[in-house]
Number of protein chains: 4
Amino acid sequence: MIKICRAIWVMRFDASDRLARLAAVAVVVLLSGVAETSAQTPSTPVAGVDAALLDDIVIGSRILADFGVLDGFGHVSARHPTNPNHFLMARSLAPALVTADDIMEFDLDGNAVDARGRTVFLERFIHSEIYKARPDVMSVVHTHSPGVIPFTVTKVPLRAMFHNPSFLAAGAPVWDIRKDFGETNMLVSDSALGKSLAQTLGDKSVVLMRGHGDVTVAPSVKMAVFRAYYTDVNAKLQSQAIALGGEVNYLTPGEGEKADKVNFIVLDRIWNLWRMRILPTLAK
Amino acid sequence: MIKICRAIWVMRFDASDRLARLAAVAVVVLLSGVAETSAQTPSTPVAGVDAALLDDIVIGSRILADFGVLDGFGHVSARHPTNPNHFLMARSLAPALVTADDIMEFDLDGNAVDARGRTVFLERFIHSEIYKARPDVMSVVHTHSPGVIPFTVTKVPLRAMFHNPSFLAAGAPVWDIRKDFGETNMLVSDSALGKSLAQTLGDKSVVLMRGHGDVTVAPSVKMAVFRAYYTDVNAKLQSQAIALGGEVNYLTPGEGEKADKVNFIVLDRIWNLWRMRILPTLAK
Amino acid sequence: MIKICRAIWVMRFDASDRLARLAAVAVVVLLSGVAETSAQTPSTPVAGVDAALLDDIVIGSRILADFGVLDGFGHVSARHPTNPNHFLMARSLAPALVTADDIMEFDLDGNAVDARGRTVFLERFIHSEIYKARPDVMSVVHTHSPGVIPFTVTKVPLRAMFHNPSFLAAGAPVWDIRKDFGETNMLVSDSALGKSLAQTLGDKSVVLMRGHGDVTVAPSVKMAVFRAYYTDVNAKLQSQAIALGGEVNYLTPGEGEKADKVNFIVLDRIWNLWRMRILPTLAK
Amino acid sequence: MIKICRAIWVMRFDASDRLARLAAVAVVVLLSGVAETSAQTPSTPVAGVDAALLDDIVIGSRILADFGVLDGFGHVSARHPTNPNHFLMARSLAPALVTADDIMEFDLDGNAVDARGRTVFLERFIHSEIYKARPDVMSVVHTHSPGVIPFTVTKVPLRAMFHNPSFLAAGAPVWDIRKDFGETNMLVSDSALGKSLAQTLGDKSVVLMRGHGDVTVAPSVKMAVFRAYYTDVNAKLQSQAIALGGEVNYLTPGEGEKADKVNFIVLDRIWNLWRMRILPTLAK
């Protein structure tokens, strides 16, 4: 009995508006008899990488799935913390199911360092080519964001509606794969396609992909996930504002630049909330 | 105690963002004392049909209900794997409640092979007539998809917004029951109506039904369910794109054909996620 | 232990896509030690009224709250089964919390038969006056349906989009309280207001209330709830169809009449689903 | 065992449509062995302030997060009940996580009375300056309400659609920070900005903030939260009504004034529902 209680403590069930899930997990842990091992902090599955970074990738993948920004597809990656020519990304599976054990290491040509038979994402070249082109980028998120897809197929540019998505005030270009590559299967499935996408991204934080989705980049996983979330929120609100009719008073580039600095200050407040929601789903 | 733990293992509670449900089920199983029998793989209730196919019908029915693509109505069927002149479909009940035990066998005139007093769906002729007309079709899904219904009553055609619903790039015709049959109760309640619907479907993957819903077809249950889901998603996103104003840049037929091939490759990734969400609801 | 298991059986946890709730309730029942009394079928709290009718009012109130058709306000009533000059309605509380014990009996002037200090709804006159004017009506539901409210303040009439809300094809008039009563607090808080509303309803199934919500009526509680639900669904879909632009092809009155007959045949299929979702919330 | 049951009683699990959460919490409480202390009424953490007022702030913060009116940001405050020159507000954390222990006391210059190293909200000046300017206001709520943000960036005024948001009939002015302060980071991060915002609010119940969100005020925490919720609901419904095309028949100021009086009468009905939903999330 003492063992059980300890296991439950480790899962931090103390405060969350999704306590139901958490408690349910506690029950599973209790009943299954696997509590003690599964609730321990896992040893890091990628050599030389801190568990906290893998945790960010896992939390980010799952919270975006939880919000519906991701469905069964899409991915969150991080540049390797000590080898800038490598990056970290899950094997091919739904983002809602990603665990630290699923994360693999890739070089910037999209080759897995140690595949061990695991299947990899067809679109890893989105990530490899952006890491090549943008040394400042430490994380890349690719989604089929439902709010954003309509903006990938119209001439209406996505613009910053309020202060949290202020990074959009610098512009969010649209990449149309058909322009240079003709009729394709729409996927960024090789380096040439990835390079073209990275060029359209330029020095921005977000690039939209026609008939596909978007990519957000940032100096950290947390911020790339934050941007993926608020890009989706902004797109939905901008659609509503346009539907009201008349001119829309967007954030100016100057306001956007100033407001985005505040996002870095408050980021942990929302990340802590998101992490608390996701942690219970991780106990095996 | 050993028995209980075994039962829970069988339910694969190890990773899911709906762990709460699963754990809750585990509790029910534990408390009710019926764990061992109910958690076993069921013996197949339809002679000569593999349990995996029935499982696909059950998972498909329930995940579409979970997404709100189906409410209390609609149905998922499969062509009989060894007798192409028969098909499999649940008795008349809400799709969220379908189990393998509810699945019955029908001939292509819509007659139940062995009804045993079970009530059958009024609209089974949607399925029987499509299986007659389209030898390539192995599964049929009928929904009152809320995203799609608006497109059944306007002149705006449903078109492919992004790569997952790429099968729409080939066209999604609208069948208006009033055109040939006058004022009816709107239901496809006999073979003549079903035949007319199948003719409008033609060689496409989706047919819309005016003032009613839609039908998706595919070479497998998984793909027919995938198409039902993404037809609903696409319709909602297309509505949003149109509301932004101006021209919409849809997938071309060529892009659609190429992108749809990728869907067959990645299908299991999203199906595994869906199955993991639904499995816990199946333990009695 | 035997006692506990029996109590849980009574709650019918055997099949539901909301098993989590149910199981959770089972746990509460188990832990609280009040299982046996609370899980029993309650003795009916209104003299001469079958428990099944009270159950319908409770399930209907809660499922509409679950769908967001009702929030903290609104009510479901039934004509008294043996005394047509009386009706049954909860004391004043949020519909999501209504239990059979909360249901009171009223006469057609809106007077409580045996108040016992319980507070009553200000708008019970919606119900009393409709029961007076429409002998065929056995149930009345009043909601602030979010889909419908926009249709109460425009000149665009609510019309039948598909076969489930076919009862709308006969028309859904809008009652504007300001027309005969000037500037009020918007509530139907006396018999004169209720009578005016009932006159606008006429022989229809639905009446919209300007700047307020709607009322649905039917020959049974189940059907009045079904109509409240599908009136909300229809309104949302009609808004989307109108936003697509161009003419909308609504159900004709003839189609509506025929399709509505089918609703009576399939009603129990969706009601069983709804009841299964709500039952777990009722165990104390 | 007796101790456990008592703890569960305290949490009032007896009736709620979110019983799952509650029961889950009960399980956690049971398993963790912390039941008795955590389920007790907490001693008030702010000197001289009744626990019931802190409870209102906590319930209000969490229910608005539950409805999505708040995400990781925003705050609910109350004027100090015995010192009108002070107010109560959580330390800087996501509203879904606020507990009574997190609530701090501030003076009307936004200084914490006893910070004890806790971080405070950058935008506490929204609250301090409104309490200064409006002696009648006892509570202030600031949100990034997704329904409302579109109305902060257009010329379309937010107006009362139905009786619950009747307080909007008096008008809801928009404050544009750029008008007097040029390009900023959009935040109300000092007294001068707060004062300007309070001047635009004037004697109204709601003020919109361009590219940011809104603020609602009221004579009680419950009513300020009610207004934040219904401002969001109203904005969404007004968007839908406008999209239908044609003139919208809003509540007149006279109707709004009368209807708002009823809101004070029925407030506890919806608050009780909200409190019942949130309480389970509070058990540690």
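The values are calculated or read from the model by the stated rules, or taken from the named source; none is laboratory data. Not measured: the values here are computed from a predicted model. As a convention, Cβ positions derive from the backbone with ideal geometry for all residues, glycine included, and neighbour counts pool all protein chains shown.
Quick one: is C:L64 within 14 Å of the chain's Cα centre (by Cα), part of a helix (DSSP H, G or I) and not hydroxyl-bearing (S, T, Y)?
Values: within 14 Å of the chain's Cα centre (by Cα): yes; part of a helix (DSSP H, G or I): yes; not hydroxyl-bearing (S, T, Y): yes.
Judged against the criteria, C:L64 is a match.
For segment A:265-284, give me each residue that is without any contact (Cβ under 8 Å) to a residue 24 or more places away in the chain and either more than 7 Å from chain D (Cβ to nearest Cβ) or surrounded by fewer than 20 Cβ atoms within 10 Å (Cβ to Cβ) (or both).
Taking segment A:265-284 as the starting set, the residues that turn out to be without any contact (Cβ under 8 Å) to a residue 24 or more places away in the chain are A:265-266, A:269, A:272-273.
Result: A:I265, A:V266, A:R269, A:N272.
Rundown of residues vs (1) at negative phi; (2) under 20 Å from the mean Cα position of the chain (by Cα); (3) among the hydroxyl-bearing types (S, T, Y), yes/no style:
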| residue | (1), (2), (3) |
| --- | --- |
| B:R116 | no, no, no |
| B:E123 | yes, yes, no |
| B:Y131 | yes, yes, yes |
| B:V140 | yes, yes, no |
| B:T143 | yes, yes, yes |
| B:P146 | yes, yes, no |
| B:N164 | yes, yes, no |
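Within segment D:201-215, which residues are small (G, A, S) and in contact with a Phe, Trp or Tyr (Cβ under 8 Å, 6 or more places away or on another chain)? I'd like the intermediate steps shown before the answer.
The initial filter retains those residues of segment D:201-215 that are small (G, A, S), namely D:202, D:205, D:211, D:213.
Scanning segment D:201-215 gives D:S205, D:G211, D:G213.
Being within 27 Å of B:K258 (Cα to Cα), in contact with a Ser or Thr (Cβ under 9 Å, 6 or more places away or on another chain) and buried (at least 23 other Cβ atoms within 10 Å of the Cβ): is that true of A:I149 here? Break it down into steps so the answer makes sense when it comes.
Values: within 27 Å of B:K258 (Cα to Cα): yes; in contact with a Ser or Thr (Cβ under 9 Å, 6 or more places away or on another chain): no; buried (at least 23 other Cβ atoms within 10 Å of the Cβ): yes.
Judged against the criteria, A:I149 is not a match.
Would you check which residues across segment A:128-144 are free of Cβ contacts under 8 Å to residues at least 60 places away in the same chain and either surrounded by 24 or more Cβ atoms within 10 Å (Cβ to Cβ) or within 18 Å of A:M104 (Cα to Cα) (or both) and list them? Give the steps one after another, and end with the answer.
Residues of segment A:128-144 free of Cβ contacts under 8 Å to residues at least 60 places away in the same chain: A:131, A:135.
If the condition is that a residue be free of Cβ contacts under 8 Å to residues at least 60 places away in the same chain and either surrounded by 24 or more Cβ atoms within 10 Å (Cβ to Cβ) or within 18 Å of A:M104 (Cα to Cα) (or both), then A:Y131 is the only one that fits.
Quick one: D:F73 ticks every box in (1) aromatic (F, W, Y); (2) over 16 Å from D:V221 (Cβ atoms); (3) touching a helix residue (DSSP H, G or I) at 6+ places or on another chain (Cβ under 6 Å); (4) modelled with pLDDT of 95 or more except a single one, so which number is it?
(3)
Anything in segment D:210-224 that is under 27 Å from A:L237 (Cα atoms) and of a type in the set (D, E, K, R)? List them, or say none.
Correct list: D:R210, D:D214.
Given the conditions (1) closer than 28 Å to C:K236 by Cβ; (2) free of Cβ contacts under 8 Å to residues at least 60 places away in the same chain; (3) of a type outside the set (V, I, T); (4) away from chain C (no Cβ under 14 Å), report the number of the one that D:K204 does not fulfil.
(1)
Would you mind finding the one in B:V262, B:V248 that is farther than 30 Å from C:L237 by Cα, facing chain A (nearest Cβ under 7 Å) and in contact (Cβ under 8 Å) with a residue 12 or more places away in the chain?
Working: B:V248 fails: farther than 30 Å from C:L237 by Cα.
Step by step, each of B:V262, B:V248 is checked, and only B:V262 is farther than 30 Å from C:L237 by Cα, facing chain A (nearest Cβ under 7 Å) and in contact (Cβ under 8 Å) with a residue 12 or more places away in the chain.
Would you tally the residues in segment A:72-87 being touching a Lys or Arg at 6+ places or on another chain (Cβ under 9 Å) and either farther than 15 Å from A:A112 by Cα or surrounded by 23 or more Cβ atoms within 10 Å (Cβ to Cβ) (or both)? Break it down into steps so the answer makes sense when it comes.
Of all residues in segment A:72-87, those touching a Lys or Arg at 6+ places or on another chain (Cβ under 9 Å) come to A:72-73, A:75, A:77, A:85-87.
Filter once more, keeping what is either farther than 15 Å from A:A112 by Cα or surrounded by 23 or more Cβ atoms within 10 Å (Cβ to Cβ) (or both): A:72-73, A:75, A:77, A:87.
Residues meeting the conditions: 5.
Any residue in segment B:188-205 that is farther than 30 Å from B:D101 by Cα and touching a Ser or Thr at 6+ places or on another chain (Cβ under 9 Å)?
Looking for residues that are farther than 30 Å from B:D101 by Cα and touching a Ser or Thr at 6+ places or on another chain (Cβ under 9 Å), one finds none in segment B:188-205, hence no.
Take the residues in segment C:46-66 that are farther than 15 Å from C:F87 by Cβ and within 14 Å of chain D (Cβ to nearest Cβ), then tell me which one is surrounded by the fewest Cβ atoms within 10 Å (Cβ to Cβ).
C:D66
State the number of residues belonging to segment B:205-233 that are of a type in the set (F, W, Y) and over 9 Å from the mean Cα position of the chain (by Cα). Working first, answer last.
Start the filter on segment B:205-233 by keeping residues that are of a type in the set (F, W, Y), which leaves B:226, B:229-230.
From what's left, over 9 Å from the mean Cα position of the chain (by Cα): B:230.
Adding up the residues that qualify gives 1.
If you check every pair at least six apart or on different chains, which have Cβ atoms under 6 Å apart with a residue in segment C:145-161 that is within 19 Å of C:K204 (Cα to Cα) first and a residue that is in a loop (DSSP other than H, G, I, E, B) and of a type in the set (G, A, S) second?
So the pair list comes out as C:K155/D:G246; C:L158/C:A172.
Return the residues of segment D:212-230 that are in contact with an Asp or Glu (Cβ under 7 Å, 6 or more places away or on another chain) and away from chain C (no Cβ under 14 Å); say none if nothing qualifies. Lay out the reasoning, then the answer.
At the first step, the residues of segment D:212-230 found to be in contact with an Asp or Glu (Cβ under 7 Å, 6 or more places away or on another chain) are D:219, D:221-222.
Listed by number, the residues that qualify are D:P219, D:V221.
If the requirement is being crowded, with 19+ Cβ neighbours inside 10 Å, farther than 30 Å from B:A96 by Cβ and modelled with pLDDT of 95 or more, which of these qualifies: B:L251, B:L237, B:L244?
Numbers: B:L237 fails: farther than 30 Å from B:A96 by Cβ; B:L244 fails: crowded, with 19+ Cβ neighbours inside 10 Å.
Going through B:L251, B:L237, B:L244 in turn, just one is crowded, with 19+ Cβ neighbours inside 10 Å, farther than 30 Å from B:A96 by Cβ and modelled with pLDDT of 95 or more: B:L251.
Checking D:F181 against (1) surrounded by 17 or more Cβ atoms within 10 Å (Cβ to Cβ); (2) touching a Ser or Thr at 6+ places or on another chain (Cβ under 8 Å), which test does it fail?
Unmet for D:F181, out of (1) surrounded by 17 or more Cβ atoms within 10 Å (Cβ to Cβ); (2) touching a Ser or Thr at 6+ places or on another chain (Cβ under 8 Å): (1).
Filter segment B:181-199 down to the residues that are of a type in the set (G, A, S), touching a residue at least 24 places away in the same chain (Cβ under 8 Å) and more than 11 Å from every other protein chain (Cβ to nearest Cβ) and list them by number.
The first filter runs over segment B:181-199 and keeps only residues of a type in the set (G, A, S), leaving B:182, B:189, B:191-192, B:194, B:196, B:198.
Narrowing the set further to residues that are touching a residue at least 24 places away in the same chain (Cβ under 8 Å) leaves B:189, B:191, B:194, B:198.
Across segment B:181-199, the qualifying residues are B:S191, B:G194, B:A198.
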